[in-house]
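The values are calculated or read from the model by the stated rules, or taken from the named source; none is laboratory data. Here the structure is a predicted model, which means the values were calculated and not measured. Positions of Cβ are generated from backbone atoms using ideal geometry, with glycine treated the same way; all protein chains shown enter the neighbour counts.
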Amino acid sequence: MVKIINKNLLNKIYKEIKKYDNIVIARHIGPDPDAIASQIALRDSIKLTFPEKKVYAVGAGVSKFKSYGTLDHPNYANITDALLVVLDVPNMNRVDIEELQYKSILKIDHHPKEDIIGNVDWTDETKSSTSQMVCELILNTKLKLNQKIAENLFLGIVSDSERFSLKNTTYETFETVSNLIKVSNINFPELYDILYTRPFNEHKFIAFITNNLVIDENKFAYIKISDADLKEFNVDASTPSNLINGYNFIDEILVWMFVTEDVKNNQYKISIRSRGPVINTIANNYNGGGHKFACGARLTEMADVDNLIKDLSKACLEYEKNKEL
């Protein structure tokens, strides 16, 4: 079985779930596959284990993730004495949820700790994904698993580890996935189609990004994507952030950033990745945050975007200078 760092903590999480009749599971705004896969998988596992409980996976849906399952839209006023489960998000202002009168917070997250501290808290930056953590929880407690739950967990792990290529992939990641496949017998090669098959207009959009990416002398790259650009290629404001990992392993780039105009929410969505310089401490100064080498932000003023560009370029310059010492 998977090596358990803290078996007592997993049992404590299970007992916390068992204690509550009403459970609301939330994750960050603008979900990626890991956030939505872990959320729906945990909801379905709890409902399968405890059919009498009322369990809701909440937040705005994303059409391209509809194959993971449907989200819930409860009347929050009718939910009392609830357990709020917060997945894959460290700060409360990024939790995609309406006002809820909850009694306790259970937090499961692989980002650095920020302002959300759960009454029961499992925060572990060494994990590849929140889906890996939910998978470990299910495999090592009395929570139940079916094929659909297993498929979602596999998709979440593969997506957030970028097919096991990112630095937060460990032998525990492989052990967890191995055990998941063993107990569920999922057809995992077919699942890659869900993550990586895309319409031709998105491939044309990728070509647009590549052709318009600005790369400066410090190996910092960025692109500003307007609402008109999104409309031209018939993609939505969430698409660039789901494409950004594809620009890893480029010699001339250390840090790269996609800036996407989100007219609906009157803001700019920022996605940032790095092959060396630590970037989350910079994003923290711009209403953002995340991992050391993968993070984001949301800004309302282009002047702030331009300042962020300068700070990230400077970080690349300092990183290269330190390498020479």
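Before moving on, here are some points about what is shown:
- Among the residues making up the stretch 248-300, a single one is without any contact (Cβ under 8 Å) to a residue 60 or more places away in the chain, of a type in the set (Lys, Arg), under 20 Å from residue 93 (Cβ atoms) and touching a strand residue (DSSP E or B) at 6+ places or on another chain (Cβ under 7 Å): 298.
- From the list 80, 49, the one residue that fits, being modelled with pLDDT under 95, under 28 Å from residue 142 (Cα atoms), hydroxyl-bearing (Ser, Thr, Tyr) and in the same structural domain as residue 150 (by TED's automatic domain parsing), is 80.
Every residue, every condition in (1) assigned to a loop (DSSP other than H, G, I, E, B); (2) in contact with a Phe, Trp or Tyr (Cβ under 9 Å, 6 or more places away or on another chain), yes or no:
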{"position": "137", "(1), (2)": "no, yes"}
{"position": "164", "(1), (2)": "yes, yes"}
{"position": "167", "(1), (2)": "yes, yes"}
{"position": "195", "(1), (2)": "no, no"}
{"position": "207", "(1), (2)": "no, no"}
{"position": "210", "(1), (2)": "no, yes"}
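- Scanning the stretch 98-115 for residues that are surrounded by 21 or more Cβ atoms within 10 Å (Cβ to Cβ) and of a type in the set (A, V, I, L, M) yields 106, 108.
Condition check ((1) closer than 21 Å to residue 115 by Cα; (2) among the charged types (D, E, K, R); (3) surrounded by 20 or more Cβ atoms within 10 Å (Cβ to Cβ); (4) in contact with a helix residue (DSSP H, G or I) (Cβ under 8 Å, 6 or more places away or on another chain)) across all residues:
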| residue | (1), (2), (3), (4) |
| --- | --- |
| 12 | no, yes, no, no |
| 19 | no, yes, no, no |
| 28 | yes, no, yes, yes |
| 31 | yes, no, yes, yes |
| 37 | no, no, yes, yes |
| 40 | no, no, yes, yes |
| 53 | no, yes, no, yes |
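- With respect to (1) of a type in the set (Lys, Arg); (2) within 19 Å of residue 136 (Cβ to Cβ); (3) under 23 Å from the mean Cα position of the chain (by Cα), the lone exception for residue 64 is condition (2).
- When residues of the stretch 100-135 are limited to those that are β-branched (Val, Ile, Thr) and part of a loop (DSSP other than H, G, I, E, B), the one farthest from the chain's Cα centre (by Cα): 117
- Screening the candidates 114, 136 for the property of being closer than 24 Å to residue 15 by Cα and assigned by TED's automatic domain parsing to the domain that holds residue 186 yields one hit, 136.
- Checking residue 159 against (1) in a helix (DSSP H, G or I); (2) loosely packed, with under 15 Cβ neighbours inside 10 Å, the condition it does not meet: (2)
- Pairs where the first residue, in the stretch 91-104, is under 12 Å from residue 79 (Cα atoms) and the second is crowded, with 18+ Cβ neighbours inside 10 Å and among the polar types (S, T, N, Q), C-beta under 7 Å, 6+ apart: none
- Any hit, the stretch 207-224, residues being surrounded by 21 or more Cβ atoms within 10 Å (Cβ to Cβ), over 21 Å from residue 110 (Cα atoms), charged (D, E, K, R) and outside the structural domain of residue 169 (by TED's automatic domain parsing): yes
- Any hit, the stretch 290-299, residues being exposed (fewer than 14 other Cβ atoms within 10 Å of the Cβ) and modelled with pLDDT of 95 or more: no
- Qualifying residue in the stretch 90-99 (condition: at pLDDT 95 or above, on the phi < 0 side of the Ramachandran plot and not in a helix (DSSP H, G or I)): no
- Within the stretch 200-212, residues that are without any contact (Cβ under 8 Å) to a residue 24 or more places away in the chain and within 16 Å of residue 257 (Cα to Cα) reach partners that are of a type outside the set (Phe, Trp, Tyr) and surrounded by 13 or more Cβ atoms within 10 Å (Cβ to Cβ) with beta carbons closer than 6 Å, at six or more positions or on different chains, in the pairs 212/223.
- Residue pairs meeting the criteria (Cβ under 7 Å; at least 6 apart or on separate chains; first surrounded by 14 or more Cβ atoms within 10 Å (Cβ to Cβ), in the stretch 56-82; second of a type in the set (Phe, Trp, Tyr)): 72/56; 74/56; 82/20; 82/102
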